[in-house]
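Okay, so here's the structure we're looking at.
The values are calculated or read from the model by the stated rules, or taken from the named source; none is laboratory data. Owing to the predicted nature of the structure, the values given are computational and were not obtained by experimental measurement. For neighbour counting, all protein chains shown are included, and Cβ atoms are generated from backbone atoms with ideal geometry for every residue, glycine included.
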Amino acid sequence: MKGLVVRVVLAVTRWRWVRWIFTRTRVGRRVSLRFVAGETLAEAIEVAVAANRAGMPVSLNLLGENVGDEASARSSFDSYVAAIGQLRQHGVDGNISVKLTQLGLGFDVELCEQLLGDLARRASAAETTLTIDMEESSLTDATLDIYQRAQQAHGNLGVALQAYLRRTPQDLARIASLGGHIRLCKGAYDEPESIAFRSRQDVNDAYDALAETLLADEGLMPALATHDDARVAAAMTAVDGRSAPYEFQMLYGIRVSLQEQLVDDGVPVRSYIPYGEAWYPYLTRRMAERPANLWFFVRALLGH
Ligand SMILES: Cc1cc2nc3c(=O)[nH]c(=O)nc-3n(C[C@H](O)[C@H](O)[C@H](O)COP(=O)(O)OP(=O)(O)OC[C@H]3O[C@@H](n4cnc5c(N)ncnc54)[C@H](O)[C@@H]3O)c2cc1C
């Protein structure tokens with residue numbers, strides 16, 4: 001059922017007039033700003049400074065994926081170089097989150113790897129880290145291969161793993177010895193049942209088991225990316241007795257009161273802050289995860 005809802009919402013948000021309302025009207029943009037820091041790096045830094053003040057380190061994510069030519073990949077690279085520089089200049093406690101298809105993975109693996117390595121080097125010089133987001137399953141192997149080589153070379157990287165993929169326990173076993181930070185999320189793409197769990201219960205069970213494995217490994221920095229109360233509670237039980245660092249990660253604008261409550265309780269939470277002009281696909285994924293967000297949008301449209 002959830003898969004059907006996700007597919008319907010994703011299909012609707014692809015309609016040209018729906019996209020137009022979101023991107024071209026004041027109401028559409030207002031709803032979007034609930035989930036996106038803004039279109040510019042300056043706006044993202046402002047939100048990041050506020051998050052730090054509220055007790056949360058951040059991860060800045062320049063929106064955009066699947067660039068199709070070298071100039072666009074280099075432009076994403078330049079934007080991330082600027083982000084690393086601004087984080088440092090403003091004394092922000094934060095790092096960057098990067099999608100490899102922003103750096104050209106879709107058409108030139110060598111270029112992508114070279115740009116990623118350069119970003120990791122610059123992040124290291126700025127005393128920060130870089131996390132690789134995980135995209136569709138067709139890219140999992142390539143993403144992990146590139147992560148492995150970059151982490152071996154620079155030592156300041158992390159990567160996201162998706163609990164809904166059946167292969168993830170093996171992937172975790174493969175990369176655990178690299179000692180990076182591992183972000184565990186449920187997974188945001190529409191994957192077939194042959195390779196991914198489709199029921200909420202199966203995904204949740206897989207998530208809890210992987211979180212337990214991660215939290216038991218003191219050589220890793222687990223980052224539990226979820227807004228799900230039950231997953232947070234299970235992880236809090238598994239974290240008991242752990243002496244090495246760990247953190248939760250949550251998306252900007254989602255379950256804000258949960259984020260505040262955890263911080264108040266002394267639990268480490270990092271805020272993932274997306275920004276940039278290419279925010280529409282990100283917004284559609286957040287809508288698909290929670291179609292009630294569409295209702296929020298309709299109410300805003302009707303002036304309530
Ligand atoms: C920091 C971070 C980084 C991520 N990186 C990746 C990545 O690299 N690759 C990838 O595939 N996925 C990534 N994701 C997305 C993730 O895979 C899930 O799709 C998303 O987090 C929803 O799952 P959940 O664990 O919050 O649980 P859910 O069961 O979906 O949600 C739990 C509760 O959180 C609230 N909630 C969840 N989503 C929304 C929303 N959109 N709007 C309003 N409320 C909501 C609702 O109250 C819901 O009941 C990331 C998520 C986070 C938090």
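Listed values, structure above:
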quantity: Selected residue (criterion: farthest from the ligand (Cβ to nearest atom)) from residues of the stretch 116-132 that are closer than 29 Å to R231 by Cα and either touching a Pro at 6+ places or on another chain (Cβ under 7 Å) or in a loop (DSSP other than H, G, I, E, B) (or both); calculated: T128
quantity: Helices (runs of 4 or more DSSP H) enclosed by the stretch 207-304 - at least 1 residues per element that are touching a helix residue (DSSP H, G or I) at 6+ places or on another chain (Cβ under 6 Å) and within 14 Å of the ligand (Cβ to nearest atom); calculated: 229-238, 280-289, 292-301
quantity: Test: residue in the stretch 83-100 that is within 24 Å of P192 (Cα to Cα), in contact with a Ser or Thr (Cβ under 6 Å, 6 or more places away or on another chain) and at pLDDT 95 or above; calculated: yes
quantity: Filter result (basic (K, R) and either touching a helix residue (DSSP H, G or I) at 6+ places or on another chain (Cβ under 9 Å) or surrounded by fewer than 22 Cβ atoms within 10 Å (Cβ to Cβ) (or both)) within the stretch 160-204; calculated: R166, R167, R174, K186, R198, R200
quantity: All positions within the stretch 265-300 that are acidic (D, E) and touching a residue at least 40 places away in the same chain (Cβ under 8 Å); calculated: E277, E289
quantity: Conditions (1) within 12 Å of the ligand (Cβ to nearest atom); (2) touching an Asp or Glu at 6+ places or on another chain (Cβ under 9 Å): number failed by R198; calculated: (1)
quantity: Yes/no for S72 being farther than 12 Å from I273 by Cα, of a type in the set (G, A, S) and within 16 Å of the ligand (Cβ to nearest atom); calculated: no
quantity: Tally, over the stretch 131-185, of residues that are more than 18 Å from L105 (Cα to Cα), touching a residue at least 24 places away in the same chain (Cβ under 8 Å) and aliphatic (A, V, I, L, M); calculated: 9
quantity: Neighbours by Cβ (under 6 Å, 6+ apart or cross-chain): first from the stretch 96-109, of a type in the set (A, V, I, L, M, F, W, C); second within 12 Å of the ligand (Cβ to nearest atom) and at pLDDT below 95; calculated: none
quantity: Candidates G94, G106, filtered to the one that is touching a Pro at 6+ places or on another chain (Cβ under 6 Å), in the same structural domain as L184 (by TED's automatic domain parsing) and among the small types (G, A, S); calculated: G94
quantity: Any hit, the stretch 3-10, residues being crowded, with 16+ Cβ neighbours inside 10 Å, modelled with pLDDT under 75 and of a type in the set (V, I, T); calculated: yes
quantity: Residues being among the acidic types (D, E) and more than 10 Å from the ligand (Cβ to nearest atom) - total across the stretch 133-168; calculated: 2
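Per-residue answers, yes or no, for (1) of a type outside the set (A, V, I, L, M, F, W, C); (2) touching a Phe, Trp or Tyr at 6+ places or on another chain (Cβ under 6 Å):
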site	(1), (2)
T129	yes, no
L139	no, no
A142	no, no
P192	yes, no
A196	no, yes
E212	yes, no
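Yes or no, residue by residue, for (1) modelled with pLDDT of 95 or more; (2) surrounded by fewer than 21 Cβ atoms within 10 Å (Cβ to Cβ); (3) within 29 Å of V18 (Cα to Cα); (4) in the same structural domain as R14 (by TED's automatic domain parsing):
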site	(1), (2), (3), (4)
L214	yes, no, no, no
G219	no, yes, no, no
P222	yes, no, no, no
Q249	yes, no, no, no
V267	yes, yes, no, no
A288	no, no, yes, yes
A292	no, yes, yes, yes
R299	no, yes, yes, yes
H304	no, yes, yes, yes
